[in-house]
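Scroll down for the structure; my scribbles are underneath it.
The values are calculated or read from the model by the stated rules, or taken from the named source; none is laboratory data. Model, not experiment: these values are computed from the prediction. When we count neighbours, we look across all protein chains shown, and the Cβ atoms used for this are built from the backbone with ideal geometry, even at glycine. Keep in mind that these areas ignore ligands, DNA and RNA; they rest on the heavy atoms of the full protein, side chains included. Shrake-Rupley method; radii C 1.70, N 1.55, O 1.52, S 1.80 Å.
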Amino acid sequence: MIIFISPKRSHINMTEYWAFIVRDHIYQGKTILARDVLADRVRNKFWSLNSRARNVRKLMKGDKVIFYLTSSEGKGFMGRGTLAGKAHPMSIEQRFHIIGSPSINFDYAVEFSEAEMWPKLVSIDLLANRMPLLLGRKNPARIFRGSVIRLSERDYDIVLETAEKLMRKD
């Protein structure tokens with residue numbers, strides 16, 4: 001028996017796992033820290049995207065996302081979310097919430113059915129020897145240079161487990 005699986009996942013319910021990258025932004029010559037940009041995105045339950053970014057068209061309802069910050073404050077993970085649907089052209093209301101570069105140049109968005117920001121950054125240094133995606137890399141942060149990075153379920157789970165342990169320490 002041969003089973004055909006659509007590459008677009010339109011007929012199967014298969015969750016994918018992603019890292020959404022957020023960077024420090026510049027607005028009127030001042031820096032907006034990545035954590036503040038993330039807080040705004042979580043509060044408004046949507047993520048701004050460049051329509052030409054790799055993997056944007058692969059995002060689907062139910063996919064799981066972790067948020068990766070690359071900032072003057074550090075590099076690491078700081079929250080998670082579940083996608084409410086596919087990426088689409090940004091609405092006028094969503095555009096209203098976008099402040100600073102690079103996001104001001106983005107033209108797509110994707111909503112979250114749920115999203116949370118963690119109180120602490122889970123440093124990439126805590127994960128470099130545990131996440132399969134990062135094993136054996138001299139500079140693991142280079143993996144997160146794009147804006148939407150595919151993760152394995154195992155990578156995703158390791159980040160969540162590490163975050164839970166770190167948050168429990170308080």
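Below are the figures for this structure:
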| quantity | calculated |
| --- | --- |
| Whichever residue in the stretch 54-78 is more than 24 Å from Trp118 (Cβ to Cβ) and not in a loop (DSSP other than H, G, I, E, B) and, among such residues, is most open to solvent (accessible area, probe 1.4 Å) | Arg57 |
| Number of the exception - Leu151 against (1) open to solvent by 20 Å² or more (accessible area, probe 1.4 Å); (2) within 14 Å of the chain's Cα centre (by Cα); (3) modelled with pLDDT of 90 or more | (1) |
| Qualifying positions in the stretch 124-136 - touching a helix residue (DSSP H, G or I) at 6+ places or on another chain (Cβ under 7 Å), open to solvent by 80 Å² or more (accessible area, probe 1.4 Å) and closer than 18 Å to Thr70 by Cα | Leu126 |
| Cβ-Cβ under 6 Å pairs, at least 6 apart or on other chains, the stretch 70-82 side within 11 Å of Ile124 (Cα to Cα), far side assigned to a strand (DSSP E or B) and among the charged types (D, E, K, R) | Thr70/Arg23 |
| Of all residues in the stretch 79-104 being within 18 Å of the chain's Cα centre (by Cα), in a helix (DSSP H, G or I) and not hydrophobic (A, V, I, L, M, F, W, C), the one that is surrounded by the most Cβ atoms within 10 Å (Cβ to Cβ) | Ser103 |
| Selection status of Arg41, of a type in the set (Lys, Arg), within 11 Å of the chain's Cα centre (by Cα) and either over 20 Å from Ile149 (Cα atoms) or in a strand (DSSP E or B) (or both) | no |
